[in-house]
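Okay, so here's the structure we're looking at.
The values are calculated or read from the model by the stated rules, or taken from the named source; none is laboratory data. Because the structure is predicted, anything quoted here is derived from the model rather than measured. Cβ placement follows ideal geometry from the backbone for every residue including glycine, while neighbour counts extend to all protein chains displayed.
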Amino acid sequence: MKSDLPPLSIYLHWPFCAAICPYCDFNVHLMRDMQPQQWRAAYFAELQYAFSQRSQGPVQTVFFGGGTPSLMPADMVADILSEIDRLWGLAPAAEITLEANPVSAPQAHLADLSAAGITRLSLGVQSLDDAALKFLGRTHSAADALAAFRVARQVFSHVSLDLIYARPGQSLAMWRDELARVLAEAPDHVSLYQLTIEPDTPFHRLHAAGRFAVPDEDSAADLYEMTQDMCAAAGLSAYEVSNHARDGHACRHNIASWRGGDYLGIGPGAHGRLSDGQARRATIALKAPQAWLAQVEAQGHGWAEDKILDDEERRTEMLLLGLRLVDGVALSDIAMGGIQLPADKHLALQQAGILLPSDSHLIASPQGRLVLDHLIAELLPS
């Protein structure tokens, strides 16, 4: 057994939603004819297969993502966590996150999820503007979102609010007022994402047809900078491009992933990363729920791809993920990853205000985090 492996996390994908939002490009499907016992057995089988690939624990974090995992029966959540604990062991202070939709999170169900072992809730509010929520295809109102958040805080000690900004027609003043309403609730964590138009989504087709426009780069940058200032003033320090938290409330699961930790991807379309002390493997499961289910029942797992990352892929991933973090990437890790940073280029990027001065870390400035693709292209050999 390897003793020098990175800490272990598990991401479990629940692909079902009651409705599919037009901006979403995640692996989501309408929940029709889902048989809970069949899915419970499939998750168990894939967990057992994953254990054969990485048996060293304990598991430090678990993340139930989706989809809308708050649609999962609480007893299924409890059973899955019990199986994870049986196989690897759950660390005593394991962070266990579940994503929730405001209208699928009544207080009784949240209490059941807490009893099942969930310690952190990520609530998909997306907006506190009813017209914007309708545009985004959400099935809740702003009042629903606030009510769900206030109930969730009574149940969980860690609750995050997710919102989307830089929406069509959204001015600085409009976002300032909306974000002020969010911050007035005194959340401990917020994830604030700019609206992006992803291929193969209804929004992509509507945008291409000229039905709406998103803010241009300069306007989006202004919205981003105002967001950073308002969150910082409210005591929610940025720790990543889109994430802000009070001390002790940052999402440990995501930080572990951004810092190159190991995580097992369980469920349809789930990605994973595994290390063995020498190589680093990338795994991807079949996306279509029924195809995944059929392969799990036939082979014991739904993984469609399991490959060793080459040196270039590892270097790119280290920088792409690590530079999202406000703390950046340790220069010692960069050296171990085989990345050589020419001193003149490093200095030039600092002078351009894209990198911050540091003797121990490579740190993107707030401006640099807005142009990460450009920054990484500058840092990696062509």
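The set of residues from the stretch 119-135 being touching a helix residue (DSSP H, G or I) at 6+ places or on another chain (Cβ under 9 Å) and either over 14 Å from Leu71 (Cα atoms) or at pLDDT below 95 (or both) comprises Arg120, Val125, Gln126, Ser127, Leu128, Asp129, Asp130, Ala132, Leu133.
With touching a residue at least 40 places away in the same chain (Cβ under 8 Å) and surrounded by fewer than 16 Cβ atoms within 10 Å (Cβ to Cβ) as the only criterion, which of Gln107, Gln35, Gln60 stands out? Of the residues listed, the single one that is touching a residue at least 40 places away in the same chain (Cβ under 8 Å) and surrounded by fewer than 16 Cβ atoms within 10 Å (Cβ to Cβ) is Gln107. Ile284 - would you say it is closer than 30 Å to Leu47 by Cβ, in contact with a strand residue (DSSP E or B) (Cβ under 6 Å, 6 or more places away or on another chain), surrounded by fewer than 20 Cβ atoms within 10 Å (Cβ to Cβ) and of a type in the set (A, V, I, L, M)? Against the criterion (closer than 30 Å to Leu47 by Cβ, in contact with a strand residue (DSSP E or B) (Cβ under 6 Å, 6 or more places away or on another chain), surrounded by fewer than 20 Cβ atoms within 10 Å (Cβ to Cβ) and of a type in the set (A, V, I, L, M)), Ile284 qualifies. Quick check: is even one residue across the stretch 178-201 assigned to a helix (DSSP H, G or I), in the same structural domain as Arg246 (by TED's automatic domain parsing) and free of Cβ contacts under 8 Å to residues at least 40 places away in the same chain? No, there is no match, as no residue in the stretch 178-201 is assigned to a helix (DSSP H, G or I), in the same structural domain as Arg246 (by TED's automatic domain parsing) and free of Cβ contacts under 8 Å to residues at least 40 places away in the same chain. Gln367 satisfies every condition listed in (1) touching a helix residue (DSSP H, G or I) at 6+ places or on another chain (Cβ under 8 Å); (2) surrounded by 15 or more Cβ atoms within 10 Å (Cβ to Cβ) except (1). One residue is enough: does the stretch 325-345 have a residue meeting the conditions surrounded by 15 or more Cβ atoms within 10 Å (Cβ to Cβ), closer than 24 Å to Asn254 by Cα, modelled with pLDDT under 85 and of a type in the set (A, V, I, L, M, F, W, C)? Among the residues of the stretch 325-345, at least one is surrounded by 15 or more Cβ atoms within 10 Å (Cβ to Cβ), closer than 24 Å to Asn254 by Cα, modelled with pLDDT under 85 and of a type in the set (A, V, I, L, M, F, W, C), which makes the answer yes.
The condition of being crowded, with 16+ Cβ neighbours inside 10 Å and either closer than 30 Å to Pro268 by Cβ or modelled with pLDDT under 85 (or both) does not hold for Leu362.
One line per residue, one yes/no per condition, for (1) surrounded by fewer than 19 Cβ atoms within 10 Å (Cβ to Cβ); (2) closer than 27 Å to Gln367 by Cβ; (3) not basic (Lys, Arg):
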position: Ala142; (1), (2), (3): no, no, yes
position: Ile164; (1), (2), (3): no, yes, yes
position: Pro168; (1), (2), (3): yes, yes, yes
position: Thr196; (1), (2), (3): yes, yes, yes
position: Thr201; (1), (2), (3): yes, no, yes
position: Arg205; (1), (2), (3): yes, no, no
position: Ala208; (1), (2), (3): yes, no, yes
position: Glu217; (1), (2), (3): yes, yes, yes
position: Ala220; (1), (2), (3): yes, yes, yes
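Return yes or no: is Ser332 of a type in the set (Ser, Thr, Tyr), over 22 Å from Ala93 (Cα atoms) and not assigned by TED's automatic domain parsing to the domain that holds Val159? The answer is yes for Ser332.
The residue list Arg246, Arg252, Arg273 contains one member that is at pLDDT 95 or above, surrounded by fewer than 23 Cβ atoms within 10 Å (Cβ to Cβ) and in contact with a Ser or Thr (Cβ under 7 Å, 6 or more places away or on another chain), which is Arg252.
Which residues, counting only those in the stretch 228-252, are in contact (Cβ under 8 Å) with a residue 24 or more places away in the chain, in a helix (DSSP H, G or I) and either under 16 Å from Asp327 (Cβ atoms) or in contact with a Gly (Cβ under 9 Å, 6 or more places away or on another chain) (or both)? Passing the criteria: Gln228, Arg252. Here Lys307 fulfils each of the conditions (1) modelled with pLDDT under 95; (2) of a type in the set (Lys, Arg); (3) surrounded by fewer than 13 Cβ atoms within 10 Å (Cβ to Cβ) apart from (1).
The sole residue among Ala220, Ala238 that is in the same structural domain as Leu172 (by TED's automatic domain parsing) and either within 19 Å of the chain's Cα centre (by Cα) or modelled with pLDDT of 95 or more (or both) is Ala238.
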